[in-house]
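Okay, so here's the structure we're looking at.
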Amino acid sequence: MSRPPFPPFDPQTAAQKIRMAEDAWNSRDPARVAQAYTPDSQWRNRDRFITGRAEIEAFLTAKWQKENDYRLIKELWAFTGDRIAVRFAYEYHDAAGQWFRAYGNENWEFDGEGLMRRRLASINDLAIAEADRLFHWERGDAGRRPDTHPGLSDLGL
């Protein structure tokens with residue numbers, strides 16, 4: 001299985017890879033997301049260490065059961081060869097209705113087939129009022145952020 005674009009990345013292919021990941025995560029479909037990773041992919045997500053697609057899928061299933069109305073925006077920070085650094089933010093609310101904005105950075109490493117073999121994520125959550133939300137788009141089209149919606153830099157994040 002392969003997942004273009006393939007390394008080595010250039011500005012266009014790195015941005016394309018990031019948007020593909022953003023779209024997949026906004027679908028909130030754990031099986032779809034897991035297919036972008038190698039079968040033995042290694043993650044560090046906050047304080048969790050996850051290995052392989054089955055663990056990724058289980059982790060994401062639990063995540064999206066707790067993080068309601070999840071909306072994510074990713075942006076290129078840097079790239080070289082088979083690696084991409086991404087900054088991101090997402091908004092969600094918990095079961096009690098408290099809204100949060102999570103800020104983070106990810107370091108990605110890809111194999112020659114364009115599958116991510118390593119993901120290192122550092123994430124911090126900030127409680128926000130519903131009125132302070134910035135990520136507003138309809139959940140149609142599998143949750144994809146419209147091209148006309150501002151990105152992180154445009155929003156001052």
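Observations on the model:
- Whole-Å distance, taken between Cα centres, linking the stretch 126-157 and the stretch 71-124: 15
- Lysines with Cα under 17 Å of K17, excluding same-chain neighbours fewer than 8 positions away: K74
- Sorted by Cβ neighbour density within 10 Å, fewest at the top, the residues M116, M20, M1: M1, M20, M116
- Cα-based helix-to-principal-axis angle, 11-27 vs the chain, degrees rounded to 10: 50
- Cβ-defined net charge surrounding I50, 12 Å radius [Lys, Arg +1; Asp, Glu -1]: +3
- Convex hull projection area averaged over all views, the chain, Cα basis, nm²: 8.8
- Counted by Cβ distance under 9 Å from E106, the other residues give a net charge of +3, where Lys and Arg count +1 and Asp and Glu count -1.
- Dipole magnitude of the chain about its Cα centre (Cβ charges: Lys, Arg +1; Asp, Glu -1), debye to nearest 20: 240
- Rg and Dmax of the stretch 115-157, both derived from C-alpha coordinates alone, stand at 13.8, 38 Å.
- Neighbourhood charge, 11 Å Cβ-Cβ cut-off, centred on P8 and excluding it, Lys, Arg +1 and Asp, Glu -1: -1
- Inter-label distance for L120 and Q12, nm, one decimal - labels placed 7 Å from Cα along Cα-to-Cβ: 3.0
- Here's the picture: charge each Lys and Arg Cβ at +1 and each Asp and Glu Cβ at -1 in the chain, and of L126, W25, L115 the one pushed furthest to the positive end of that dipole is L115.
- For the stretch 88-155, applying the loop criterion from DSSP together with a ceiling of 16 other beta carbons within 10 Å to the trypsin sites (Lys or Arg not before Pro) yields R133, R139.
Read-outs: derived from the displayed coordinates by stated rules, not from any lab. Since the structure is predicted, the reported quantities are computational estimates derived from the model, not experimental observations. So basically every Cβ, Gly included, is an ideal-geometry build from the backbone, and we count neighbours across all protein chains shown.
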